[in-house]
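Right, one structure below, let's go through it.
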Amino acid sequence: MNRFRGALVTLLAAGTLAGCASTVSGQAQPAGAAVEQSGGSTGSLGGATEDAERSGGNAPNAAPGTGVATDGASLIAKLDAGMRDVTSLKGELTMQVAGQSINATMEETVENAKVKDAKMTMDFSGMNMELLLVDGKTYLGGDPSLLSGMGVKQTGKKYALVSEDSANPQLAAMATQLKRSLQQSGPDGYKAFAASTTSVKAGAGQTVNGVPTTGYDLVIDVAKLAEQMPNSELSSAGAIGLDTIPVSLWLDEQNRPVKMVEKVEAGGMSASVEFTVGGYNEPVRITAPDPSEVATGG
């Protein structure tokens, strides 16, 4: 994968394993940024209207008559409140990067708005890959050719342990990247994204999986994000002309993110990602693979 593709994948997929909660909470704007209303009509975020009714007047930081947050701080507050009681989520991801298609499904258990355990399966370039995060350990599985391509020498194993202590440099590098993403997960940890968002607008609402939503359009400053996340592929983004990332997200009536879309063009290439949450707080059981099926020595 060239540096351009690496930068795009890092930007678009950052936080995906770390959960939809972390992704959109992190990309909400910090205090002081205005939220502007754009052409489409939006549904109610619920909380602002209810606050207004309880106080006998207009809710603070709410656009008159809409219940839509008008600054980043109130949007973040809504996301935090919406995710507070989330214990699990299931979702689907579709990514197009430089003409390559990646489709993924994921399940997560959530604790204090951060990922606890997760399972993600991906199909790309005719190859299947599986990532498991269980009890603080990460496992990579999938097609045998994938593991061998990663330098896994223990044949006959279905999974490889992804650890920073691995003798396999590719697995060690993957572990470092995943660790960084997980450290950024959750509303409290995703300050890098919040500090890098330069614009928030109220977008058009839509129905997602039968659920009415409120839309928001955000813009991420890539240079600021690179400063917040050093030693990542983001450092090369400016060199290939990637300055901003537009992000659209939709919240349900409980202020939980149910869909996120990102699209960018740079260096003569384009990339996009769409993440949709299929369900919250449904039963999710994620288990570690049998030790006999795990390659641990690289």
Point to revise | Qualifying positions in the range 249-298 - closer than 19 Å to Gln100 by Cα, under 20 Å from the mean Cα position of the chain (by Cα) and among the hydrophobic types (A, V, I, L, M, F, W, C) | key: Val261, Val264, Ala271, Val273, Phe275
Check your understanding: What are the residue pairs meeting all of these: first residue in the range 154-165, first residue at negative phi and assigned to a strand (DSSP E or B), second residue charged (D, E, K, R) and at pLDDT 90 or above, Cβ atoms under 6 Å, and 6 or more apart or on different chains?
Key -> Tyr159/Glu293
Exercise for review: State whether one or more residues within the range 123-130 are surrounded by fewer than 15 Cβ atoms within 10 Å (Cβ to Cβ) and not in a strand (DSSP E or B).
Suggested key: yes
Practice item. For Met83, state whether it is under 18 Å from the mean Cα position of the chain (by Cα) and modelled with pLDDT of 85 or more. Key: no
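Take Ala167 and decide whether it is more than 24 Å from Glu108 (Cα to Cα), among the small types (Gly, Ala, Ser) and surrounded by fewer than 19 Cβ atoms within 10 Å (Cβ to Cβ).
yes
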Exercise for review: Restrict the check to the range 147-155 and report whether at least one residue is touching a Phe, Trp or Tyr at 6+ places or on another chain (Cβ under 7 Å), closer than 27 Å to Ala271 by Cβ and among the hydrophobic types (A, V, I, L, M, F, W, C).
Suggested key: no
Exercise for review: Hey, can you tell me all the residues within the range 86-104 that are more than 14 Å from Met129 (Cβ to Cβ), outside any loop (DSSP other than H, G, I, E, B) and either free of Cβ contacts under 8 Å to residues at least 60 places away in the same chain or of a type outside the set (A, V, I, L, M) (or both)?
Suggested key: Ser88, Lys90, Gly91, Glu92, Thr94, Gln96
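The values are calculated or read from the model by the stated rules, or taken from the named source; none is laboratory data. Not measured: the values here are computed from a predicted model. Every residue, glycine as well, gets a Cβ built from its backbone with ideal geometry; the counts of neighbours run over all protein chains shown.
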